[in-house]
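A.B. asks: Dumping the structure here so I can ask a few things about it.
The values are calculated or read from the model by the stated rules, or taken from the named source; none is laboratory data. These numbers were taken from a predicted model, which means no experiment stands behind them. Here the Cβ positions follow ideal geometry from the backbone for every residue, glycine too, while neighbour counts run over all protein chains shown.
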Amino acid sequence: EAGVAQSPRYKIIEKRQSVAFWCNPISGHATLYWYQQILGQGPKLLIQFQNNGVVDDSQLPKDRFSAERLKGVDSTLKIQPAKLEDSAVYLCASSLGSGGNYEQYFGPGTRLTVT
Amino acid sequence: AQTVTQSQPEMSVQEAETVTLSCTYDTSESDYYLFWYKQPPSRQMILVIRQEAYKQQNATENRFSVNFQKAAKSFSLKISDSQLGDAAMYFCAYRSHELIQGAQKLVFGQGTRLTINP
């Protein structure tokens, strides 16, 4: 079974530029999560999708971050414009369902450096 | 809001010995899930072990076991017979049992970096 795929793996941009990350979850997984992991910290949820609908985006900085999950499969996360404090690893995860008994499977992450 | 605290930024252990990683959490809920995740350098995060709060029996997975103390809100991970491949960041995480919006996310601690000395 293929795991969660993410691209690119690394990205370096200057502040005020835009960037987009892509995630392909495990086939059949209805729930998709985007986490932000700043160096030295644990991951923090940015947004959760159930199929193509948003379940939780309470910690997403909506003035600069946006995300979509068209057709309930792949998802993109965009930052526009980027700030220095956005430097982090962006992790995508997926699960069969949204309940706590469903295991979340993580992708390898995209490491973003904003200079 | 729930919080998870890992008070050991770094730990080291000799190969083949036993090490215990600490985790405490704060919640007002009575039913929830607790997890330990492993994140090797430059590799993806994987689930090590899971504990359901309503179960009194401590979870075990081969060399990995937990000591779940619900009243003390403590959830430590014990790794027996440590191996070089166990070297990684270990994260403790909490998840509510509720299905209401905003309650389904994993809340992570700051992590503990485990080094295995050969």
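A.B. asks: Only one residue in B:50, B:43 is touching a strand residue (DSSP E or B) at 6+ places or on another chain (Cβ under 7 Å) and either basic (Lys, Arg) or more than 13 Å from chain A (Cβ to nearest Cβ) (or both), so which one is that?
C.D. replies: Just one listed residue meets the conditions, B:50.
A.B. asks: Can you say whether residue B:64 is away from chain A (no Cβ under 14 Å), farther than 23 Å from residue B:29 by Cβ and of a type in the set (Phe, Trp, Tyr), as far as the supplied structure shows?
C.D. replies: In short, yes.
A.B. asks: Would you confirm, using the coordinates I've provided, whether residue A:107 is closer than 27 Å to residue B:5 by Cα, surrounded by fewer than 16 Cβ atoms within 10 Å (Cβ to Cβ) and either in contact with a helix residue (DSSP H, G or I) (Cβ under 7 Å, 6 or more places away or on another chain) or not hydroxyl-bearing (Ser, Thr, Tyr) (or both)?
C.D. replies: no
A.B. asks: Out of the stretch A:58-88, which residues are more than 14 Å from the chain's Cα centre (by Cα), in contact (Cβ under 8 Å) with a residue 60 or more places away in the chain and surrounded by fewer than 17 Cβ atoms within 10 Å (Cβ to Cβ)?
C.D. replies: Scanning the stretch A:58-88 gives A:80, A:81, A:83, A:84.
A.B. asks: Still on this model: Failed condition for residue A:115, given (1) more than 14 Å from chain B (Cβ to nearest Cβ); (2) surrounded by 16 or more Cβ atoms within 10 Å (Cβ to Cβ), with all others met?
C.D. replies: Of (1) more than 14 Å from chain B (Cβ to nearest Cβ); (2) surrounded by 16 or more Cβ atoms within 10 Å (Cβ to Cβ), only one is false for residue A:115: (2).
A.B. asks: In the stretch B:26-45, which residues are of a type in the set (A, V, I, L, M) and either at pLDDT 95 or above or more than 19 Å from residue B:83 (Cβ to Cβ) (or both)?
C.D. replies: Result: B:34, single match.
A.B. asks: One residue is enough: does the stretch A:22-34 have a residue meeting the conditions on the phi > 0 side of the Ramachandran plot, without any contact (Cβ under 8 Å) to a residue 40 or more places away in the chain and surrounded by fewer than 21 Cβ atoms within 10 Å (Cβ to Cβ)?
C.D. replies: No, the stretch A:22-34 contains no residue that is on the phi > 0 side of the Ramachandran plot, without any contact (Cβ under 8 Å) to a residue 40 or more places away in the chain and surrounded by fewer than 21 Cβ atoms within 10 Å (Cβ to Cβ).
A.B. asks: Just checking, how many residues over the stretch B:92-106 are modelled with pLDDT of 85 or more and more than 8 Å from chain A (Cβ to nearest Cβ)?
C.D. replies: Result for the stretch B:92-106: 2.
A.B. asks: Separate question: Please go through the stretch A:48-66 and pick out each residue that is within 14 Å of residue A:94 (Cβ to Cβ) and either in a loop (DSSP other than H, G, I, E, B) or at pLDDT 95 or above (or both).
C.D. replies: Scanning the stretch A:48-66 gives A:51, A:52.
A.B. asks: Let me ask something else. So, in the stretch A:32-55, exactly how many residues are more than 12 Å from the chain's Cα centre (by Cα) and either more than 8 Å from chain B (Cβ to nearest Cβ) or of a type in the set (Lys, Arg) (or both)?
C.D. replies: Total meeting the criteria: 7.
A.B. asks: Within the stretch B:69-87, is there a residue that is free of Cβ contacts under 8 Å to residues at least 40 places away in the same chain and within 13 Å of another protein chain (Cβ to nearest Cβ)?
C.D. replies: Looking through the stretch B:69-87, none of the residues is free of Cβ contacts under 8 Å to residues at least 40 places away in the same chain and within 13 Å of another protein chain (Cβ to nearest Cβ).
A.B. asks: Considering only the stretch A:1-31, how many residues are assigned to a strand (DSSP E or B) and within 12 Å of chain B (Cβ to nearest Cβ)?
C.D. replies: Summing the residues that are assigned to a strand (DSSP E or B) and within 12 Å of chain B (Cβ to nearest Cβ) in the stretch A:1-31 gives 4.
A.B. asks: Then there is this: Considering only the stretch B:28-118, give the strands (runs of 3 or more DSSP E) lying wholly within it that have at least 2 residues that are surrounded by fewer than 16 Cβ atoms within 10 Å (Cβ to Cβ) and over 12 Å from the mean Cα position of the chain (by Cα).
C.D. replies: B:112-117
A.B. asks: In the stretch A:89-101, which residue that is assigned to a loop (DSSP other than H, G, I, E, B) and facing chain B (nearest Cβ under 9 Å) is surrounded by the most Cβ atoms within 10 Å (Cβ to Cβ)?
C.D. replies: The qualifying residue surrounded by the most Cβ atoms within 10 Å (Cβ to Cβ) is A:100.
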